[in-house]
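To keep things clear, I will list the structure first and then write my remarks on it.
Please treat every number below as a calculation from the coordinates, not as lab data. These figures come from a predicted structure and were not determined experimentally. Here the Cβ positions follow ideal geometry from the backbone for every residue, glycine too, while neighbour counts run over all protein chains shown.
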Amino acid sequence: MKTYFKTFYHWIDERVQLEDLVQFLGKKYVPIHRHSIWYYFGGVSLFLFIIQVVTGILLLLYYKSGEELAFESIQFIMSKVQFGWLIRSIHSWTANLFILTAMIHMFSVYFEKSYRKPREITWLTGMLMFFLALGFGFSGYLLPWNELAFFATKVGTDIAGVVPVFGKPIMVFLRGGQEVTGATLSRFFGFHVAVLPGIFTVLLGIHLVLIQRQGMSEPLAREEALAGREKTMPFFPNFLLRDLLLWLIVLNLLAILAVFFPWELGKKADAFASAPAGIKPEWYFLFMFQTLKYIPGKLWILDGEIFGILLFSAGGLLWTLVPFWDRKSNRGEQNKVITYVGLFVIFYIIVLTILGWTA
Amino acid sequence: MSRIIVILLTLVMFNRLSAADDQCLKCHETIGDNPSALFKHDIHFKRGISCADCHGGNPHLEDMEKAMDKKAGFEGVPKGDDISRVCAGCHSNPEQMKKYGSSLPANQLQNLLSSVHGKLSVTGKEHVAQCITCHGAHGIVSVKDLRSPVHPLNIVKTCTKCHANAMFMRTYNPSLPVDQLDKYRTSVHGKRNAKGDSKVAECASCHGSHNILSAKDVKSTVYPLNIPSTCAKCHSSSEYMKGFNIPTDQYEKFSKSVHGVALLQKDDMGAPACNSCHGNHGAAPPGVESISKVCGTCHAINADLFSSSPHKKAFDQRNLPECETCHSNHDIIAATNRLLGVTPEAVCSKCHSEQLSPRGYVVAKEMRLLVDSLESSEGIAKLLIEEAEQKGMEVTEAKFKLRDVHQARLQSRTMVHSFNEQQFRETIEKGLKTAAIVQTEGEFAIREYKFRRIGLGIASVVITILAISLYLFIKRIERRQRTGM
């Protein structure tokens, strides 16, 4: 068996110089410190993305886009297709866990100030992927064409339409018309299975190459204290096997969630029905939705809703561009303001999400 | 408006004018015109109300020119809506009415204006009915007076002056029938009314008088939901109905019946009210022959099946009312399985006994067994689907099929009226077959639920073993790396 494997390896190596890559991986080390645990969330996010791709492709075998077919095809997947229920539930649960782990990964990078030079591009690609993940969530939510999804999309695109100048055209572009209809479903399906995955894959490629090229970032304090005496572990096989161990645990967790809490399908969307009471967006949009509710109708000369949207857009932009304005971290100095801002953002998101959830 | 005020002032100033002093009446009597002749019998004349009280002018002046001078407040013949306003000058004033010793309510004009007659107008200048349209002008007598056009024995004629006139009615409401009088004359009410019975219902008894509303108006006394209580005003009063020799418990029975509950409690406008079976203007108890036709207007298939069944002949021979014999009339209860079969509460056993009618007895017994088995199968299937749904399984399609089972059971209730065992069996078997499919799907969903949990258990064990092995493997690698092996 070993001989066959070696022959195969040799055959490949002759053609693509695999040895160079193995040598590279063998020399790659991952720092060990008390914050090392956060390194794993990037890997878990990657694993969950792979699950999404696999389960998404499997769902594509039976899913039919269209006002008259989408809901029925999901119903068919859930009841008739062998293990269809499992694939659909895992896809839905993974979507949520993916955003959660990506969020944890983003905050850990933020607090470690790992975005500082030379990793600005890694941070930027990561942030863009995070926004795309939200886009995946928003577009995928509509695809079953059920009542909740229909009205959540209506509310979501309505909010986008409020933005001055660009809002209305964006809303019409997203909806494929003035209202949420079958045209919106077709568009969202296209975004979800073609446009977003295409861009995401390119960004993911850049992100992973940069990580491999630049190695794992180390916390500032540690860099200073342990210059030249740092503790490390080989990336291959130690870190990769630990990643694999965590992936197995996550896989089991997903199976438990899918079996004990199968993702509900609800009622088919009806454009003429009234919106169900207490309609809310997905949890990761809830803090923004709740904030918009608290903002008064009019703030100075601005409409309250427009003010809120502009505020979140400016906040998101500042957050994304943090490597370029956090000069202190770039110089290798501690920047407590950044930490406090991050802590406030986490506190704000948690509190507003709880308020939104219980409202 | 100023004209009305002048008339009102005149009314107040010259009330209780004696006939001898009334120059208007004197002069008009001399001419020998109809109004003055009629007015001598008018209730208003008897109470001392003069011509000038309605027409204005000065009744004390002999000079016609001066008496009928507009400066003296002469109004002449009021036109259009002013007619009712002139009447209302007194009739809407409780104080004024009290002076004349009248106990009439003072809200007639208010009621008239909110009624269908007070709202409709063709010209836009005046409304369709004024006080005089029904009560007349100069010969007005008490409603209790047989000469009054609104006396119970005359009112039908009064109303149909317009309502039986197709040309006239077309201007207001072309879709409103104009055959009410013809129908009424065929009704029990109409026949007795024609014979001089003033206690029976006439137009105003059901529609009201001044406050008549369209039958489509929810406040109307003849709006479908209000009809039972309107009829019950007389028909549930044992005191009022004394002498008519008919029961007075119809409303009580109806309100508890399947029709009454639907109409009065669930506001189901599709449910029948009294008039649906008895007719409205032609109200009469349906004859034995026509009962199935009356019920068949809604229960068409049941009536058809019954008419072509062997029971039709048997019922006709025995002069039994068709539907009523099994279902009763006012107190019809929901048709459940217990009506069928040979148990003491089943209606079949009223005629079919094991000894006297063995064939019918066997068929009734068999039909009951079949329908019971379908009901029980439907119940089991429903429980299984509910259980599967509670466990989070997707059973929408099975739920749709369950509706088909229920539909088959409802169809079987209709099919009973064919009294044909074969036809009935076919309907039941269709339902039983679907129920069996639903049961299988329900059981499969529950099995699948268990399979998922067992599958998860096995997968978890495998993953846990893999994870532990991987952990041990990592530890071994790290140990080797530390020892440099």
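Around residue B:414, under 14 Å between beta carbons, what's the net of Lys plus Arg minus Asp minus Glu among the other residues?
Values: positive: B:409, B:413, B:430; negative: B:304, B:426.
Residues close to residue B:414 contribute a combined charge of +1.
Please sort by residue number the trypsin sites (Lys or Arg not before Pro) in the range B:49-122 whose DSSP state is loop and whose Cβ has at most 15 other Cβ atoms within 10 Å. Walk me through the numbers on the way to the answer.
Values: sites: B:66, B:70, B:71, B:79, B:85, B:98, B:99, B:119; in loops: B:79.
Of the trypsin sites (Lys or Arg not before Pro), the ones in loops of the range B:49-122 whose Cβ has at most 15 other Cβ atoms within 10 Å are B:79.
Can you tell me which of A:11, A:123, A:93 moves the most in a GNM of chain A? Springs connect C-alpha atoms under 10 Å apart.
A:11
What FRET efficiency, computed as 1/(1 + (r/R0)^6) with R0 = 30 Å and r the Cβ-Cβ distance, is obtained for residue B:355 and residue B:328, rounded to the nearest 0.05? Before the final figure, lay out each step's value.
Working: r = 26 Å, r/R0 = 0.88.
About 0.70, to the nearest 0.05.
Defining a contact as two alpha carbons under 8 Å apart and six or more residues distant in sequence, what relative contact order in percent does chain A show? Walk me through the numbers before you get to the answer.
Numbers: 335 pairs, mean separation 91.2, N = 359.
Contact order relative to length: 25 percent.
Could you work out the longest stretch of chain B that avoids the GluC sites (Glu not before Pro) located in DSSP loops with at most 14 other Cβ atoms within 10 Å?
Values: sites that count: B:62, B:239, B:289, B:345, B:354.
In chain B, the maximal stretch lacking such sites is B:63-238.
For a footprinting-style exposure proxy, rank A:173, A:272, A:47 by other Cβ within 10 Å, fewest first. It would help to have the intermediate numbers written out before the result.
Details: A:173 13, A:272 4, A:47 22.
Ranked by crowding around the Cβ, least crowded first: A:272, A:173, A:47.
List the GluC sites (Glu not before Pro) in the range A:112-189 that DSSP assigns to loop (not H, G, I, E or B) and whose Cβ has at most 12 other Cβ atoms within 10 Å. Which are they? Working shown, then result.
Numbers: sites: A:112, A:120, A:147, A:179; in loops: A:179.
Listed in order of number, the matching sites are A:179.
Calculate the spin-label point distance for residue A:61 paired with residue A:195, positioning each point 7 Å from the Cα along the beta-carbon direction, and give it in nanometres.
That separation, rounded to one decimal, is 2.9 nm.
Among B:192, B:318, which comes first, then next, by fewest other beta-carbon atoms within 10 Å?
Numbers: B:192 15, B:318 9.
Least crowded to most crowded, the residues run B:318, B:192.
Just want the ordering: A:103, B:167, A:78, from fewest to most Cβ atoms lying within 10 Å of their own Cβ. Walk me through the intermediate numbers first.
On the way: A:103 18, B:167 7, A:78 23.
In increasing order of surrounding Cβ atoms, one gets B:167, A:103, A:78.
Using DSSP to call loops (not H, G, I, E or B), can you name the trypsin sites (Lys or Arg not before Pro) in the range A:3-67 whose Cβ has at most 11 other Cβ atoms within 10 angstrom? Could the numbers behind the result be given before it?
Working: sites: A:6, A:15, A:27, A:28, A:34, A:64; in loops: A:28, A:34, A:64.
Loop-located and lightly packed - A:34.
I want to check the label-to-label distance for residue B:459 and residue B:37. Put each point 7 Å from Cα in the C-beta direction and report it in nm to one decimal.
10.5 nm
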